[in-house]
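Reviewing the structure listed below.
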């Protein structure tokens, strides 16, 4: 597993040449990629969401496509369309931009629900169906979407079914004062995408995705994951609790995070570290919780605090 740790550190260090003061978020995105999961970047304009995705495509050596989501965007603009060929008299499939390795759905909440729903099959089954013709997406495939949480004009809220398909929901946040000064020194004049070096290949990413399946999870850590998700279903603070997909997200991401840390087993500390990015976007607050000014994140934090942490010898090694 130390090989994975070394490769991820190289990727993080290379990305940090442009994305300053955000190594923790870059590492989480690498965890998502190793898990085969998708990422929703939910942050204010100018925080570097789109730049981060472009940087990741440069250093990973993956095919990259970006689509600006707007109210007039159609599903076929994303997935592709069958076009009639007058020479042959047959319809030919013209693949859409989603047929890539890293697909950036920029400002995804500006597209109409019909277009947003066109991504559901791609996110869950890694395929798209166009006029009855099903095509597998390239491997690796990760959808990274951005949205602005402030503006609501001409936007459409993402449905719960789609939010549940995102492994992580991340917010970059503002940099520290020192970090912002360093950012100006680095990208004040221009963003040096051409100076970034490719540190991984598609084949290496696919192999690492296979390797993390060998990371072990103690039975008590599995019980801990399920206990947390079950606790969301018993809470009066939530009208919509976490689904089994939430358990699987913690399971997959936990393995990837352990490998990134150089371990071949998952600890409760790995699970707890991932919860703030994995569960809050999957739940909906009850009316009473909203009246009490709670947020999904604060509700999840309260729920997790009441779940006992396992104490098996192997489970607690390295636990935080």
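The values are calculated or read from the model by the stated rules, or taken from the named source; none is laboratory data. Keep in mind that this is a model prediction, so the values were computed, not measured. Cβ coordinates were reconstructed from backbone atoms using ideal geometry, including for glycine residues, and neighbour counts include every protein chain displayed.
Can you name the condition, by its number, that residue 189 falls short on among (1) outside any helix (DSSP H, G or I); (2) in contact (Cβ under 8 Å) with a residue 40 or more places away in the chain; (3) out of contact with any strand residue (DSSP E or B) (no Cβ under 8 Å at 6 or more places or on another chain)?
(2)
Being in contact with a strand residue (DSSP E or B) (Cβ under 8 Å, 6 or more places away or on another chain), touching a residue at least 12 places away in the same chain (Cβ under 8 Å), surrounded by fewer than 17 Cβ atoms within 10 Å (Cβ to Cβ) and more than 25 Å from residue 21 (Cβ to Cβ) is the requirement here; does residue 158 meet it?
Numbers: in contact with a strand residue (DSSP E or B) (Cβ under 8 Å, 6 or more places away or on another chain): yes; touching a residue at least 12 places away in the same chain (Cβ under 8 Å): yes; surrounded by fewer than 17 Cβ atoms within 10 Å (Cβ to Cβ): no; more than 25 Å from residue 21 (Cβ to Cβ): yes.
Answer is no for this residue.
Looking at (1) buried (at least 16 other Cβ atoms within 10 Å of the Cβ); (2) over 27 Å from residue 188 (Cα atoms); (3) touching a strand residue (DSSP E or B) at 6+ places or on another chain (Cβ under 6 Å), which is the only condition residue 77 fails?
(3)
Condition check ((1) surrounded by fewer than 18 Cβ atoms within 10 Å (Cβ to Cβ); (2) within 14 Å of the chain's Cα centre (by Cα)) across all residues:
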| site | (1), (2) |
| --- | --- |
| 2 | yes, no |
| 6 | yes, no |
| 17 | yes, no |
| 20 | no, no |
| 23 | yes, no |
| 30 | no, yes |
| 34 | no, yes |
| 41 | no, yes |
| 53 | no, yes |
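For region 161-178, which positions are touching a residue at least 12 places away in the same chain (Cβ under 8 Å) and farther than 24 Å from residue 33 by Cβ?
Restricting attention to region 161-178, the residues satisfying the condition of being touching a residue at least 12 places away in the same chain (Cβ under 8 Å) are 161-176, 178.
Answer for region 161-178, where residues must be touching a residue at least 12 places away in the same chain (Cβ under 8 Å) and farther than 24 Å from residue 33 by Cβ: 174, 176, 178.
Show me the helices (runs of 4 or more DSSP H) entirely contained within region 199-306 in which 2 or more residues are surrounded by 16 or more Cβ atoms within 10 Å (Cβ to Cβ) and not assigned by TED's automatic domain parsing to the domain that holds residue 173. Give the derivation first.
Details: elements: 202-211, 219-233, 244-260, 268-278, 287-291, 296-305.
Result: 202-211, 219-233, 244-260, 268-278, 296-305.
All but one of (1) in a strand (DSSP E or B); (2) free of Cβ contacts under 8 Å to residues at least 12 places away in the same chain; (3) in the same structural domain as residue 63 (by TED's automatic domain parsing) hold for residue 121; state the number of the condition that does not hold.
Unmet condition: (1).
So residue 66 passes all but one of these: (1) crowded, with 22+ Cβ neighbours inside 10 Å; (2) more than 17 Å from residue 170 (Cβ to Cβ). Which condition number does it fail?
(1)
Given the structure, is residue 135 out of contact with any helix residue (DSSP H, G or I) (no Cβ under 8 Å at 6 or more places or on another chain), in the same structural domain as residue 23 (by TED's automatic domain parsing) and part of a strand (DSSP E or B)? Write out each step before concluding.
Working: out of contact with any helix residue (DSSP H, G or I) (no Cβ under 8 Å at 6 or more places or on another chain): yes; in the same structural domain as residue 23 (by TED's automatic domain parsing): yes; part of a strand (DSSP E or B): yes.
Criteria met by residue 135.
Could you tell me how many of the residues in region 248-270 are within 18 Å of residue 26 (Cα to Cα) and over 14 Å from the mean Cα position of the chain (by Cα)?
Summing the residues that are within 18 Å of residue 26 (Cα to Cα) and over 14 Å from the mean Cα position of the chain (by Cα) in region 248-270 gives 7.
Need the failing condition index for residue 43 against (1) out of contact with any strand residue (DSSP E or B) (no Cβ under 7 Å at 6 or more places or on another chain); (2) farther than 20 Å from residue 197 by Cβ; (3) at pLDDT 90 or above, just the number.
Unmet condition: (3).
Is there a residue in region 181-191 that is touching a helix residue (DSSP H, G or I) at 6+ places or on another chain (Cβ under 8 Å), exposed (fewer than 14 other Cβ atoms within 10 Å of the Cβ) and not assigned by TED's automatic domain parsing to the domain that holds residue 274?
Scanning region 181-191, I find no residue that is touching a helix residue (DSSP H, G or I) at 6+ places or on another chain (Cβ under 8 Å), exposed (fewer than 14 other Cβ atoms within 10 Å of the Cβ) and not assigned by TED's automatic domain parsing to the domain that holds residue 274, so the answer is no.
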